[in-house]
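Chemist: Sharing a structure below in C-alpha cells format, with a few things to ask.
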Amino acid sequence: MRVPIVLVHGLRISGSMWRPQVEALSAQGRTVVAPDLPGHGSRRGEAFTLGGAVEVVRDAIDSVGGHALVAGLSLGGFVSIATAAAYPDRVAALVATSCSARPANGLAHMYRIPAALLDRLPDKGLAVNQRFHRLTLPAGAAEAVLDGGLAMEAARAVIEEIVDLNVLDLLAAYPGTVWLINGARDHFRIHEKLFLDACVDGRLLVVPRAGHMVSLDQPETFTNIVADAADVVAGRASRTE
C-alpha cells in the first residue's frame, strides 16, 4: 500500500510551486496534496502563525487518511518539522528541504532587512520577485510558482513567527525517518550537519546543480527522492503487518 504525500510550500509562494511533483507523483498512482499555508495562495488575508500552519498540514494529512509522508521546502520545511514533532503518529516520514539552517539571530535579521525594504516599495516588491523567479528558474517552473500568486505581505509575520523556533529540538522529538534535502548551491544548508545529528533516524542528500528551490531546479531528481522515501516507508509498514 502506497503512503500518501503532503507537500508544504515556501515563503510568499503557494502550493502551486509543487505542480511538477503533483503531476509526476499523481501519474504514478500516488495520492498527493499541496495545501496553502495561512497568508499564502488561496489563504491570503489570513494571519500567519506557526500553530495555524501546523494545523493546515495536520488537516491535509487527515484528508488523505490520517497518515502521510510530509515534505516541505524552506518555510514549508520548518512547518513540516514542527508538524512531525507535534503529530508524530500522523507523519509517516519527513522530507525537510532547503531548511537546514537555524532561523535564530543573525539569519532572521538577514531576512528582516530585505523584508522591510521591500515593504517600502509601492508593490511591496512584487515585480522584483516575479522577475527573480523568471530569471532563476527553468522553463515552466516560474509559472508553477507565480500562478499561485506571491504573498509579499506575509514575509514579516512569517519571520517573526519562525525566529525563535528551536528546530533542532523539534527534529530530536520526532522518532521517524527524516530525509534532509539541500541544493548544493543553497545558502540554507549552513547547519546541515547539526540538523542531521539532531535526527533520531536521519539521512542527508545534497542535490548537485541545485539552489534553494531544489524541487524546481531539479524537479525529476527531487520527485524521485520523495517517491523513493514514500516507498521505503511503505515497505517498512508491510514488513511489520
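The values are calculated or read from the model by the stated rules, or taken from the named source; none is laboratory data. Here the structure is a predicted model, which means the values were calculated and not measured. Counting neighbours? That spans all protein chains shown, and the Cβs are built from the backbone with ideal geometry, glycine included.
Chemist: Which of (1) free of Cβ contacts under 8 Å to residues at least 40 places away in the same chain; (2) part of a helix (DSSP H, G or I) does Gly29 not meet, given it meets every other one?
Modeler: (2)
Chemist: Among Arg2, Arg58, Arg19, which is assigned to a loop (DSSP other than H, G, I, E, B) and not aromatic (Phe, Trp, Tyr)? Don't jump to the end; show me each part of the working.
Modeler: Details: Arg58 fails: assigned to a loop (DSSP other than H, G, I, E, B); Arg19 fails: assigned to a loop (DSSP other than H, G, I, E, B).
Every option except Arg2 fails the conditions.
Chemist: Let me ask something additional. Looking only at residues that are in contact (Cβ under 8 Å) with a residue 24 or more places away in the chain and part of a helix (DSSP H, G or I) in segment 174-195, which one is farthest from Val233 (Cα to Cα)?
Modeler: Of segment 174-195, the ones in contact (Cβ under 8 Å) with a residue 24 or more places away in the chain are 174-192, 194-195.
Those left that are additionally part of a helix (DSSP H, G or I): 187-189, 192, 194-195.
On the way: His187: 29, Phe188: 27, Arg189: 25, Glu192: 23, Leu194: 24, Phe195: 21 Å.
So, considering only residues that are in contact (Cβ under 8 Å) with a residue 24 or more places away in the chain and part of a helix (DSSP H, G or I), the one farthest from Val233 (Cα to Cα) is His187.
Chemist: Can you go through Leu194, Leu165 and tell me which one is touching a helix residue (DSSP H, G or I) at 6+ places or on another chain (Cβ under 7 Å) and modelled with pLDDT of 95 or more? Explain how you work it out, then say what you get.
Modeler: Working: Leu165 fails: modelled with pLDDT of 95 or more.
The conditions single out Leu194.
Chemist: A follow-up question, please. From Leu171, Leu216, which residue is under 27 Å from His67 (Cα atoms), assigned to a helix (DSSP H, G or I) and out of contact with any Leu (no Cβ under 7 Å at 6 or more places or on another chain)?
Modeler: Details: Leu216 fails: out of contact with any Leu (no Cβ under 7 Å at 6 or more places or on another chain).
Result of the check over Leu171, Leu216: Leu171.
Chemist: Quickly run through segment 1-22 and pick out the residues that are buried (at least 22 other Cβ atoms within 10 Å of the Cβ) and hydrophobic (A, V, I, L, M, F, W, C).
Modeler: Val3, Ile5, Val6, Leu7, Val8, Leu11, Ile13, Met17, Trp18
Residue by residue, here is whether (1) over 21 Å from Gln28 (Cβ atoms); (2) under 17 Å from the mean Cα position of the chain (by Cα); (3) surrounded by fewer than 20 Cβ atoms within 10 Å (Cβ to Cβ) holds:
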{"residue": "Val167", "(1), (2), (3)": "yes, yes, no"}
{"residue": "Gly183", "(1), (2), (3)": "yes, yes, no"}
{"residue": "Leu194", "(1), (2), (3)": "yes, no, yes"}
{"residue": "Gly211", "(1), (2), (3)": "yes, yes, yes"}
{"residue": "Leu216", "(1), (2), (3)": "no, yes, no"}
{"residue": "Ala229", "(1), (2), (3)": "no, yes, no"}
{"residue": "Val232", "(1), (2), (3)": "no, no, yes"}
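Chemist: For Pro4, work out the one condition from (1) under 22 Å from Gly66 (Cα atoms); (2) out of contact with any Ser or Thr (no Cβ under 6 Å at 6 or more places or on another chain) it doesn't fulfil.
Modeler: With (1) under 22 Å from Gly66 (Cα atoms); (2) out of contact with any Ser or Thr (no Cβ under 6 Å at 6 or more places or on another chain) applied to Pro4, the lone miss is (2).
Chemist: Which residues, taken from segment 34-65, are surrounded by fewer than 18 Cβ atoms within 10 Å (Cβ to Cβ), farther than 21 Å from Asp164 by Cβ and of a type outside the set (D, E, K, R)?
Modeler: Ser42, Gly45, Ser63, Val64, Gly65 - these are the residues of segment 34-65 that are surrounded by fewer than 18 Cβ atoms within 10 Å (Cβ to Cβ), farther than 21 Å from Asp164 by Cβ and of a type outside the set (D, E, K, R).
Chemist: Now, a different point. Is it fair to say Ala101 is modelled with pLDDT of 95 or more and within 25 Å of Leu205 (Cβ to Cβ)?
Modeler: Values: modelled with pLDDT of 95 or more: no; within 25 Å of Leu205 (Cβ to Cβ): yes.
Spelling it out, it is not the case that Ala101 is modelled with pLDDT of 95 or more and within 25 Å of Leu205 (Cβ to Cβ).
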